[in-house]
1. Beta carbons within 10 angstrom, averaged per residue: use that to sort the peptides 53-63, 107-117, 148-158, highest first.
2. Along the positive direction of the dipole of segment 65-299 (beta-carbon charges: Lys, Arg +1; Asp, Glu -1; about the Cα centre), which of 66, 194, 127 reaches farthest?
3. Could you point to the residue in 355, 326, 314 farthest towards the positive end of segment 314-360's charge dipole, with +1 and -1 charges on the Cβ of Lys/Arg and Asp/Glu respectively?
4. Reachable aspartates and glutamates from residue 21, Cα under 14 Å, same-chain residues fewer than 8 places away excluded?
5. Any aspartates and glutamates with Cα under 17 Å of the residue 202 Cα? List them, leaving off those in the same chain fewer than 8 positions away.
6. Considering amide H positions built from the backbone, and no H for Pro or chain starts, which residues 5 or more places from residue 29, or on another chain, come under 5 Å of its amide H?
7. Shape call for segment 73-119 from the C-alpha gyration tensor, a ≥ b ≥ c root eigenvalues: rounded (a/c under 1.5), prolate (a/b greater than b/c) or oblate?
8. Considering Cα pairs under 8 angstrom that are at least six residues apart, work out the relative contact order of the chain and quote it in whole percent.
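Just so it is clear, none of the values below were taken in a lab; they were calculated from the coordinates. Keep in mind that this is a model prediction, so the values were computed, not measured. Positions of Cβ are backbone-derived with ideal geometry, glycine not excepted, and every protein chain shown enters the neighbour counts.
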Amino acid sequence: MFQNVKYYPGDPILSLMDEYKQDARTSKVNLGVGVYYDDNGHVPVLECIKTVESQLVEENQPHDYLPMDGLPAYRQACQKLLLGKNHEAITSGRVATIASLGGSGALRVGAEFIHQWFPQAKAYVSNPTWGNHISIFEGAGIEVHKYPYYDPKTIGIKFTELKQFLTQLDVGSIILLHPCCHNPTGVDPSHEQWDQLLDIIKNKQLIPFMDIAYQGFGEDLETDTYAIRKAVEIGLCVYISNSFSKNMSLYGERVGGLSIVCPTSEEARLVQSQLKFTVRRLYSSPPAYGGHVVSRVLSNTKSYEHWQQEVYIMRDRIRKMRSRLYEVLQTKIPDRDFSYFIKQRGMFSFTGLDPQQVARLKSEYGVYMVENGRMCMAGLNSSNIEYVANAMAEVLK
Ligand code: PLP
Ligand code: TYF
């Protein structure tokens, strides 16, 4: 009956995690999956989350269904976090927002909506990008291509090539962008570069889809939305998928949002209704627990400030690891420039290691990173950083 079903070999990043778990060496280090670990190597439970969770238990909240598009307070909080409090687009009702199953769910619902209402539109993702971007969009029936992005020679962006590429795309093409903390490279455009890119996107009538999964891990919660706010400011319609997996450390609760900034409130009303219809047909309504927790953290000034502090503790720990890695490598291999480790933003770093060097790190040292040379900086801590830096120096020699 099922002989012809094709075997799915799994996601390469998640499969690497499984391999890591089975490794018996005590010296092993996991720098694969994009999860924030604290200095003890644990996935933290944020204090601001604990506080809200105990309130929910105390109040004995029933496990009721949520509306198709999620809690109204949650949707509003997402909009404010992304666009800023009292933004004109919010107050004039031009933003359609739904709660989603993490950032992935937001991408998928957004892609379903695009496929249904703009069936000719092709999507363009950065080369390279998070692998699931391609799977999610293709899974919704959209043709996906790559735009030039990372330049291994400069460890920067192929900026001229990218601008040139954008100018020749069909009107209405979807450009998937990472507003901050690019996954997998850690290389983000500067504000000036964003201004130029968004101008081209506007002039060529392209549609930006901003996927923000690491808000707060780059510069800060506000600055990390620069590209999103700039796009709205210059009058673009923007799709935004956001995730609370990393910055609230709520991975398994599946909390995210999809927002679409529309030209008018009437269009936003139509879009909102269709997003709800898409949800109805896919999974009916979003998970309630994470929605209640996040909406409480974001809606109360004191807990919001507490959360902000905790995000910056995570951000600063990652930065410290970047500096230490840089120091050790630069001392050990002085004729090579490792300053890119400090310049890159967010959880990830493209190390410049080739697949053979990555394989050696795994087999000889039990240091796991993604085959393309991406390492998750948040897997480093004060107990393993010297070991990892020395191992990296050995394979780089
Ligand atoms: N977008 C990017 C760029 C990511 O790195 C991730 C990582 O998990 C996601 C979206 C999806 O996040 P979530 O786990 O909330 O689905
Ligand atoms: O890039 C990462 O490591 C994170 C986590 O299918 C992740 O975004 C990786 C693969 C996947 C889902 C999440």
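1. On the way: 53-63: 10.0, 107-117: 21.8, 148-158: 16.5.
Order by mean packing, descending: 107-117, 148-158, 53-63.
2. It is 66.
3. Sorting the options by dipole projection puts first 314.
4. Residue 21 reaches no qualifying aspartates and glutamates.
5. Once the sequence-local aspartates and glutamates are set aside, what remains near residue 202 is 170, 192, 233.
6. Result for residue 29 returns 367, 368.
7. Working: a/c = 3.09, a/b = 1.62, b/c = 1.91.
It comes out oblate by the Cα gyration axes.
8. On the way: 699 pairs, mean separation 102.3, N = 397.
Averaging sequence separation for qualifying contacts and normalising by length gives 26 percent for the chain.
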